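One structure below.
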Amino acid sequence: MFTLLLLLIKMGALVALLNSTDQTVTVSKNVAEQVNITDPHCGEKCNVKCHLRNRSLDAFPTCLPRTIEELDLSFNNITVIEDQDVVDLSKLRILSLAHNQIKMIHWGIHVLPELESLDLSNNLLTVVPKCLMLKNLRKLSLAENFIFHIQPFAFSCFPNLMSLNLSFTSIGVHWSPMEDIAESAFALNATQAQEDSLKSLQLLDLSGTAIRSVNHSWSKDLPNLRELHIREMTVMEVLKDDLITSFPHLTLLNCANSERIHDIRTEIFENAADLKYLNFQNCNLKDLSPWNITESLTIDLRGNPLTCDCKLQWLLSDQRNLSLIRPNETFCSYLKGDVSSISLLELHKQ
């Protein structure tokens, strides 16, 4: 009798234990559903930095921690960015969405207040994305998107931008100059920003675009630009007056591999007191006229079809202020189409 009673007590304890275990499992399952532990990308241990490159994602992961400061979602299949994707990422400083399929961005107010760097390169954007305000953004890349036209006040929601990459976009593909960069493209909308122009911008990259010239109508709103990159320009042929007039503080001009540039009005550099580096490598220059250089300047002329002439002697005469990169690898020819050539260093010794 006593043995039977003991057996019943043990069986009751076992049932109670099983019920307790079922409840624990149910609670754990509910918690898992709430924090979305079942999301395969939540296995990533990312608290401050999170790298989710090349994961075949077609949307933002739903489990990103609010503490995250750097997020790399490049090389995925994301097509649209919505408010709810980023609304909780208040500490995010660096965001890379390069090499996705993004066509649209819908950002409202109070998103990404700490964002400093945004990479949207190699996507399917056709216009500069609009937002209400990203005051802390310093670096923006829209390179290799299908952007044909920069509309007026396009960057009003990035009033403190310092570096802007628009390289290898479709700007200027349409024949009319009015259809590439609008007159007030870099002006700031007074209702959104305190400044009237993008005075903070120091680096602009327009490489690989089809603009024909630097037009004062839009460049006037970039008075503090330091670096201008116009590499591999497809139709630009001449550098004219507006360049330095618009960018009086320019220190670097990079025209490398712009094979159609054949004429540079060097008098435009007379008032460029801050100019330190000119890269004309692999352009189509036959000569480069002298101008008064008062500060240290470095020039790269390698790969140009220069004509051997005494007018080129100045490039090696002023050793105090002017430095020519690799003069022994910078060649000129005496006659058009002459296959024989000599280096500028040899020319200078003659």
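Kindly establish whether Ile264 is under 23 Å from Phe148 (Cβ atoms) and among the hydrophobic types (A, V, I, L, M, F, W, C). It is false that Ile264 is under 23 Å from Phe148 (Cβ atoms) and among the hydrophobic types (A, V, I, L, M, F, W, C).
Residues that are among the hydrophobic types (A, V, I, L, M, F, W, C), in contact (Cβ under 8 Å) with a residue 24 or more places away in the chain and either open to solvent by 60 Å² or more (accessible area, probe 1.4 Å) or assigned to a strand (DSSP E or B) (or both) do not occur anywhere in region 287-296.
For every residue, the table says whether it meets (1) of a type in the set (Lys, Arg); (2) open to solvent by 70 Å² or more (accessible area, probe 1.4 Å); (3) over 20 Å from the mean Cα position of the chain (by Cα).
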position: Thr209; (1), (2), (3): no, no, no
position: Lys220; (1), (2), (3): yes, yes, yes
position: Thr245; (1), (2), (3): no, yes, yes
position: Thr251; (1), (2), (3): no, no, no
position: Ser258; (1), (2), (3): no, no, no
position: Asp263; (1), (2), (3): no, no, yes
position: Leu285; (1), (2), (3): no, no, yes
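Residues of region 134-160 that are over 19 Å from Leu97 (Cβ atoms) and open to solvent by 50 Å² or more (accessible area, probe 1.4 Å): Lys135, Phe148, His149, Pro152, Phe153, Asn160.
Scanning region 272-328 for residues that are of a type in the set (Val, Ile, Thr) and modelled with pLDDT of 90 or more gives Thr298, Ile299, Thr307, Ile325. Considering the conditions (1) open to solvent by 10 Å² or more (accessible area, probe 1.4 Å); (2) part of a strand (DSSP E or B), Cys332 is excluded by exactly one of them, (1).
Here is a check on your reading of the model: is Leu204 open to solvent by less than 60 Å² (accessible area, probe 1.4 Å) and assigned to a strand (DSSP E or B)? Considered against the rule, which asks whether it is open to solvent by less than 60 Å² (accessible area, probe 1.4 Å) and assigned to a strand (DSSP E or B), Leu204 comes out as yes.
Just checking, how many residues over region 87-136 are among the β-branched types (Val, Ile, Thr), out of contact with any strand residue (DSSP E or B) (no Cβ under 8 Å at 6 or more places or on another chain) and in contact (Cβ under 8 Å) with a residue 24 or more places away in the chain?
Selection size over region 87-136: 4.
With respect to (1) open to solvent by less than 50 Å² (accessible area, probe 1.4 Å); (2) more than 22 Å from Asp180 (Cβ to Cβ), the lone exception for Asn271 is condition (1).
The values are calculated or read from the model by the stated rules, or taken from the named source; none is laboratory data. All values derive from a computational prediction rather than experimental measurement. Glycine gets a Cβ as well: all are built from the backbone with ideal geometry, and neighbour counts include every protein chain shown. Protein only, heavy atoms only, side chains kept; ligands, DNA and RNA dropped before computing areas. Shrake-Rupley method; radii C 1.70, N 1.55, O 1.52, S 1.80 Å.
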